[in-house]
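The values are calculated or read from the model by the stated rules, or taken from the named source; none is laboratory data. From a predicted model like this one, the values you see are computed outputs, not experimental measurements. A quick note on method: Cβ atoms are made from the backbone with ideal geometry, for glycine too, and the neighbour counts reach across all protein chains shown. In case anyone asks, the SASA skips ligands and DNA or RNA and just uses the protein heavy atoms, side chains included. Shrake-Rupley method; radii C 1.70, N 1.55, O 1.52, S 1.80 Å.
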Amino acid sequence: MTLTPARDAAARVPDPVPARSPSPGLLRRAACEFGLTALLLLAVVSGVRWLFAPDGYGGGGVAFALLGAGVGVLLGALMLSAPGRCSGGHLNPAVTVALWRLGVFPGRDVVPYVAAQLGGSVAGTWAAGLVWGPVVARPPVSHAVVRPGPGWGEGAVVAAEAGVLAGSALLLAGLLAHPVGRRLLPYAVGLVTALVIAVLGPLSGGSANPARQFGPALLSGEAGRLWVYAAGPVLGAVAGAGLCRRAGVLGVRITPPPVRPRQP
């Protein structure tokens, strides 16, 4: 779960062009999203392999905390990297949607970004299987697919996932409203991600990212609950962004920069 707009998309609203025209540098930024998401999923699956497999740490609450800490640090590093600064380091379709609804990301770039993130999820999950071998496909690893804990129905999972993204959208709006907040984004993202995985991991699954579940669900053959982990974050992102745009929730107001006139 990452919470920053693309550098060239957030710094200004692109020049007025026909609706079907991509914004400048879109292919390069989408490629960065693909590669960053692939690295994220490679790391996540590797962490699950060593923390939850019988020949590794063996699972449990401490394993979720360790996984959360590792993923949080990694996300901050990916966002601060050159590719992360190029694309904005979204790595999460729900975050891309939230930034669009906040008015700081162009709507025509949403589909290419989401496609790149989902493709990177599959690529990273598949690469982890090549690195670690058959153990990745066998339970309890199962390509690091996210599963809810006992007693958690689909409705409860959707509500939990939506709540996390709604809160993240509010945090995003607050940080984006101030220059200092923008500089703190990678560190805030890492902390929030670590807490979500550590606290909600044993309960709802703690995904909060459709791309986090997409590759593992497809490659493990457990796509039945994929809609739950996709719908929840997206609904929460839309709801949180809507709150921010109405009546200045948290006392901040997101306003897009002025459109720069087209150069002759």
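Structural remarks
- Those residues of region 135-149 which are open to solvent by 80 Å² or more (accessible area, probe 1.4 Å) and either under 19 Å from L226 (Cβ atoms) or assigned to a helix (DSSP H, G or I) (or both), in sequence order: P139, R147
- Pair list, Cβ < 9 Å and 6+ apart or interchain, from region 217-240 residues that are in contact (Cβ under 8 Å) with a residue 12 or more places away in the chain to residues that are open to solvent by 30 Å² or more (accessible area, probe 1.4 Å) and of a type in the set (D, E): R225/E154; V228/E154
- A count restricted to region 164-217 and to residues that are assigned to a helix (DSSP H, G or I) and within 16 Å of V97 (Cβ to Cβ) stands at 16.
- Considered as a group, the residues in region 55-69 that are assigned to a helix (DSSP H, G or I) and free of Cβ contacts under 8 Å to residues at least 60 places away in the same chain include one that is nearest to P139 (Cα to Cα), and that residue is A63.
- Among the residues of region 186-219, those that are of a type in the set (V, I, T) and within 15 Å of L41 (Cα to Cα) comprise T193, I197.
- Residue tally, condition open to solvent by less than 30 Å² (accessible area, probe 1.4 Å) and at pLDDT 50 or above, over region 9-24: 1
- The set of residues from region 98-113 being part of a helix (DSSP H, G or I) and either polar (S, T, N, Q) or within 16 Å of G236 (Cβ to Cβ) (or both) comprises A98, L99, W100, R101.
- Flag if S168 is polar (S, T, N, Q), modelled with pLDDT of 90 or more and more than 18 Å from P148 (Cα to Cα): yes
- Residue in region 70-86 that is within 23 Å of R183 (Cβ to Cβ), open to solvent by 50 Å² or more (accessible area, probe 1.4 Å), touching a Pro at 6+ places or on another chain (Cβ under 6 Å) and in a helix (DSSP H, G or I) present: yes
- Taking the conditions (1) more than 13 Å from the chain's Cα centre (by Cα); (2) open to solvent by less than 20 Å² (accessible area, probe 1.4 Å); (3) within 24 Å of L36 (Cα to Cα) in turn, G190 satisfies each one other than (1).
- Criterion (in a loop (DSSP other than H, G, I, E, B) and in contact with a helix residue (DSSP H, G or I) (Cβ under 9 Å, 6 or more places away or on another chain)) met by exactly one of W126, W132, W152: W152
- The set of residues in region 87-104 that are more than 15 Å from the chain's Cα centre (by Cα), within 16 Å of R182 (Cβ to Cβ) and either buried (at least 18 other Cβ atoms within 10 Å of the Cβ) or among the hydrophobic types (A, V, I, L, M, F, W, C) (or both) comprises L102, V104.
- So P202, is it in contact (Cβ under 8 Å) with a residue 24 or more places away in the chain, surrounded by 21 or more Cβ atoms within 10 Å (Cβ to Cβ) and of a type outside the set (A, V, I, L, M, F, W, C): no
- Residue within region 105-116 that is within 23 Å of V196 (Cα to Cα) and at pLDDT 95 or above present: yes
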